[in-house]
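Visitor: Dumping the structure here so I can ask a few things about it.
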Amino acid sequence: MQGNRFREVFRRYEHNPLLTVDDWPYPANSIFHAGATLLPSGETLLLVRVEDRRGLSHLTVARSADGITNWQMDAQPTLLPAPEHYPEEIWGIEDPRIRWVDELARYAITYTAYSTSGPLVSLALTKDFRTFERKGVIMPPEDKDAALLPRRINGRWVLLHRPVPVFAGAKANIWLSYSPDLKHWGDHGVVLEARSGAWWDANKIGLSPQPIETPEGWLIIYHGVRNTPGGCLYRLGLALLDLEQPCRVIRRGDEWVFGPQQPYERVGDIGDVVFPCGVTHNPESGEIRMYYGAADTCLALATGNVNDLLDWLKNASGYP
């Protein structure tokens, strides 16, 4: 076959899985989906979803000088559910996306809080990943897979998220919403729609890591969920949104670019899942490090380059 759309744009770290529950400093069932950011010190910080042996999740920080080896984890959970003050967190908190926001001089963390009415989107702010200011619910259930853009667009904050419709047969699409104050949200609209039929991203899609700002647009890595006789199959695709009008899709690839292949991705608590919540991006080299949950059981790493991903999108068939 001809064409660079068939080449691999992400390369797995040869010593995957990167982190497992055996590396953890306290008892847990599994560790997986992690938000990621680069600290001013140059360290990589991961905010890791940890599922305890009850089945409820919390978040714990892991740090590494090189982003690959010698991870130092907090000895105890960093951010626990607080249902006594935030009842929507009664069944745990999950799947964080981290975003440094210059205007706030803080990191904004969007995460899934699991309420008795289903999952929803909550927001917390922090300067140091030791103390956190919870802002509470910003999107009601059922909603998840949310991340902020790092700056206002035309005076308003922008959130990408994935509400799930309540009636049978409806698609789960990626939506975009605006806010003047990070609390009141409106002008909701679909920005990326799940396809239909036999496509790899039919019927249910969602944002994976936080969008990456490039000169050509907001680079989106998203997951598609295909229902098969053997169960759900999670794979990743790419899209590009306009920098100043993020509701406008510039490009979307037809094909998936990363999917479960290795044993640690195929077998686990939930098999056939690759699910990244965080990336780090080196603007000078263009390198992307994608930290992803594998089979909801461990954390793995794949690397790529922004220019390669943008080039793949330019040459891929598909939208528009």
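Visitor: Out of all the residues in the stretch 82-93, which are buried (at least 22 other Cβ atoms within 10 Å of the Cβ) and in a loop (DSSP other than H, G, I, E, B)?
Guide: Answer for the stretch 82-93, where residues must be buried (at least 22 other Cβ atoms within 10 Å of the Cβ) and in a loop (DSSP other than H, G, I, E, B): just Gly92.
Visitor: In this structure, does Gly206 turn out to be assigned to a strand (DSSP E or B) and not basic (Lys, Arg)?
Guide: Spelling it out, Gly206 is indeed assigned to a strand (DSSP E or B) and not basic (Lys, Arg).
Visitor: Among the residues of the stretch 183-211, how many are of a type in the set (Gly, Ala, Ser) and surrounded by fewer than 16 Cβ atoms within 10 Å (Cβ to Cβ)?
Guide: Here the count works out to 5.
Visitor: Something else: Inspect the stretch 212-219 for any residue being part of a strand (DSSP E or B), in contact (Cβ under 8 Å) with a residue 60 or more places away in the chain and aromatic (Phe, Trp, Tyr) and give the result as yes or no.
Guide: yes
Visitor: Which fully enclosed strands (runs of 3 or more DSSP E) of the stretch 94-177 have 3 or more residues being of a type in the set (S, T, N, Q) and either surrounded by 20 or more Cβ atoms within 10 Å (Cβ to Cβ) or free of Cβ contacts under 8 Å to residues at least 60 places away in the same chain (or both)?
Guide: 106-115
Visitor: If you go through the stretch 38-60, how many residues are surrounded by fewer than 18 Cβ atoms within 10 Å (Cβ to Cβ), within 21 Å of Leu125 (Cβ to Cβ) and either of a type outside the set (D, E, K, R) or in contact with a helix residue (DSSP H, G or I) (Cβ under 6 Å, 6 or more places away or on another chain) (or both)?
Guide: 4
Visitor: Show me the strands (runs of 3 or more DSSP E) entirely contained within the stretch 1-70 in which 3 or more residues are in contact with a Leu (Cβ under 6 Å, 6 or more places away or on another chain), without any contact (Cβ under 8 Å) to a residue 60 or more places away in the chain and of a type in the set (Asp, Glu).
Guide: none
Visitor: Just checking: which of the strands (runs of 3 or more DSSP E) contained wholly in the stretch 229-307 hold 3 or more residues that are out of contact with any Cys (no Cβ under 7 Å at 6 or more places or on another chain) and over 18 Å from Ala147 (Cβ atoms)?
Guide: Answer list for the stretch 229-307: 231-241, 249-253, 298-305.
Visitor: Hey, among the residues in the stretch 212-229 that are closer than 16 Å to Asn173 by Cα and modelled with pLDDT of 95 or more, which one's surrounded by the most Cβ atoms within 10 Å (Cβ to Cβ)?
Guide: Ile220
The values are calculated or read from the model by the stated rules, or taken from the named source; none is laboratory data. Predicted model, so just to flag it, every value in this text is computed and none were measured. Positions of Cβ are backbone-derived with ideal geometry, glycine not excepted, and every protein chain shown enters the neighbour counts.
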